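Undergrad: Just passing along the structure, written as structure tokens.
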Amino acid sequence: MIMKLNINDVAALAIKNNTKRVEVRVGKESNEYDFSKLNKNDIIEFNSNNLGIFYVKVKEINHYNSLEELFTLEGTRYTTSSTNDKEEAIRNISKLDGYQDAIKKNGVYAIHIEYLYSENTAWEELYEKAKSVRNPRNVSGMISAGQVGAAILTKNHNIYTGVCIDTASTLGMCGERNAIANMITNGENEIIKLVCVDSKGNVGSPCGACREYMMQLSKNSKDIEILKNIDTKEIVRLEELIPDWWGKTRV
């Protein structure tokens, strides 16, 4: 389930910066915004002026009868972006038009969330995630890993990462396929965007084996966007890297 909500700029930035992890919302504002229908791992699509559209994952959702009850049990540290004082937080929310009556009627929700990414900065965020997982090291005398990192964005708005694993007897895998294995382990198979970062921090292109592997994932794999240059945001679609693919009638 994906729920679309508007949010103010201060709260949006706080969510991206991980200083706000709980979104407070009045109980059932309408059939479209019935927060009782939210479940763990559902996606909320927020729209703000500064970040544009960005996505978060629901980690937990709790219902309370009053703001006093909510802030007593949830605290204020990650719940409000404007103050750490409970009484001030209650006053600030109570001043919002129609909130007091709505809370008396339907209660209020504390929605625990995890920031995923912003549409405006998706490439930069994927690049940083791919770069951050690199950690060149020798696993054993026959295995080395971590020289290359990869990050993929899926149709369900999740990001998965992986590093290359190099072994004797060609038993290893590229960072892209490692990230894909992570994705498949979590029940997904459709990639929207991919970024690969080499040992020098440069954006790389997937090898032939990875291109073939990705094409076999889904009938929509041909549309996967692959970053070519982080500065210019130049991209290429997978179909352009593997034209006249032999298996197009079988996926």
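The values are calculated or read from the model by the stated rules, or taken from the named source; none is laboratory data. Not measured: the values here are computed from a predicted model. Here the Cβ positions follow ideal geometry from the backbone for every residue, glycine too, while neighbour counts run over all protein chains shown. Accessible surface is based on the protein model in full, side chains and every heavy atom, while ligands, DNA and RNA are left aside. Shrake-Rupley method; radii C 1.70, N 1.55, O 1.52, S 1.80 Å.
Undergrad: Name the trypsin sites (Lys or Arg not before Pro) in the stretch 55-118 that are in a loop by DSSP and that have at most 11 other C-beta atoms within 10 Å, would you?
TA: Answer in residue order: R77, K95.
Undergrad: Could I ask something else about it? Taking 0.36 nm per intervening residue step and subtracting the Cα-Cα distance, what contour gain separates D244 from A181 on full extension?
TA: Details: separation 63, 0.36 × 63 = 22.68 nm, distance 2.54 nm.
Separation in residues times 0.36 nm, less the Cα-Cα distance, equals 20.1 nm.
Undergrad: So, R0 is 35 Å and r is the distance between the beta-carbons of N138 and I192; what FRET efficiency does that work out to, to 0.05?
TA: Values: r = 34 Å, r/R0 = 0.97.
Efficiency, from the Cβ-Cβ distance: 0.55.
Undergrad: So how do 216-223, 113-120 stack up, highest first, on mean other-Cβ count within 10 Å? Before the final figure, lay out each step's value.
TA: On the way: 216-223: 15.6, 113-120: 17.5.
Order by mean packing, descending: 113-120, 216-223.
Undergrad: List the lysines whose Cα lies under 17 Å from the Cα of K104, skipping any in the same chain that are fewer than 8 positions away.
TA: K28, K95
Undergrad: Along the Cα→Cβ direction, 7 angstrom out, place labels at E68 and K233. What is the inter-label distance in nm?
TA: 4.9 nm
Undergrad: Something else now. Can you run the Rg to Rh ratio on the stretch 1-146? Use alpha carbon positions and the Kirkwood inverse-distance Rh.
TA: 1.10
Undergrad: For a quick check of your reading of the filter: which trypsin sites (Lys or Arg not before Pro) in the stretch 1-52 sit in a DSSP loop and have no more than 11 other Cβ atoms within 10 Å?
TA: Sites meeting the loop and neighbour criteria: K40.
Undergrad: Restricting to DSSP loop positions (anything but H, G, I, E, B) with no more than 15 other Cβ atoms inside 10 Å of their own Cβ, which trypsin sites (Lys or Arg not before Pro) remain in the stretch 146-204?
TA: Working: sites: K155, R177, K193, K200; in loops: K155, K200.
Passing both the DSSP loop test and the Cβ count: K155, K200.
Undergrad: Something else now. Residues in the stretch 94-130 near a label at E60, defined as backbone nitrogen under 12 Å from the 7 Å Cα→Cβ point?
TA: 110-113
Undergrad: While we're here: Extension gain V10-E119, at 0.36 nm per residue separation less the Cα-Cα distance, in nm? Before the final figure, lay out each step's value.
TA: Numbers: separation 109, 0.36 × 109 = 39.24 nm, distance 1.79 nm.
Contour length minus Cα-Cα distance gives 37.5 nm.
Undergrad: Right, next: Measure off 7 Å from each Cα along the Cα-to-Cβ vector at N18 and E45, then give the distance between these two points in nanometres to one decimal.
TA: 2.7 nm
Undergrad: Another one. What is the chain's relative contact order, in percent, from Cα pairs under 8 angstrom and six or more apart in sequence?
TA: Values: 494 pairs, mean separation 34.9, N = 251.
Computed over the chain, the figure is 14 percent.
Undergrad: Students often forget the sequence filter, so: which lysines lie under 23 Å Cα-Cα from K16 once same-chain residues fewer than 8 apart are removed?
TA: Hits, sequence-local ones excluded: K4, K40, K57, K59, K86, K129, K131, K155, K193, K233.
Undergrad: In whole Hz, with x marking every Gly and Pro, tabulate ³J(HN,Hα) for the stretch 168-175 from phi via Karplus 6.51 cos²θ - 1.76 cosθ + 1.60, θ = phi - 60°.
TA: Each residue's phi maps through the Karplus curve to give 5, 6, 6, 9, x, 8, 6, x Hz.
Undergrad: Please list the non-local residues whose amide H lies under 5 Å from the amide H of I53, H modeled 1.01 Å from N, same-chain partners needing a gap of 5 or more.
TA: Here the answer is S48, E119, N120, since their amide H atoms fall under 5 Å of that of I53.
Undergrad: What is the set of long-range amide H partners of I192 at a cut-off below 5 Å, with H atoms built 1.01 Å from backbone N?
TA: Hits under the 5 Å cutoff: L153, T154, K155.
Undergrad: Set the Förster radius R0 to 41 Å, insert the Cβ-Cβ distance between V251 and R77 as r into 1/(1 + (r/R0)^6), and round the FRET efficiency to 0.05.
TA: With R0 = 41 Å, the Cβ-Cβ based efficiency is 0.30.
Undergrad: In addition: Between D34 and E88, what is the spin-label point distance in nm, taking each point 7 Å from the Cα along the Cα→C-beta axis?
TA: 3.8 nm
Undergrad: For every helix of n ≥ 4 consecutive DSSP H residues, a contribution of -39,500 (n - 2.57) applies; sum these over the chain, divide by its total residues, and give [θ] at 222 nm rounded to the nearest 500 deg cm²/dmol.
TA: Result for the chain: -7500 deg cm²/dmol, rounded to the nearest 500.
Undergrad: Right, next: Regarding the chain, what whole-number volume in Å³ per residue does the convex hull of its Cα atoms give?
TA: 152 Å³
Undergrad: Across the stretch 50-56, in residue order, what do the Karplus-derived ³J(HN,Hα) couplings come to in whole Hz, using 6.51 cos²θ - 1.76 cosθ + 1.60 with θ = phi - 60° and x for Gly and Pro?
TA: 7, 8, x, 8, 9, 10, 9
Undergrad: Report, to the nearest whole %, how much of the accessible area of the chain belongs to carbon and sulfur atoms, 1.4 Å probe, protein only.
TA: Reported share for carbon and sulfur atoms: 45 percent.
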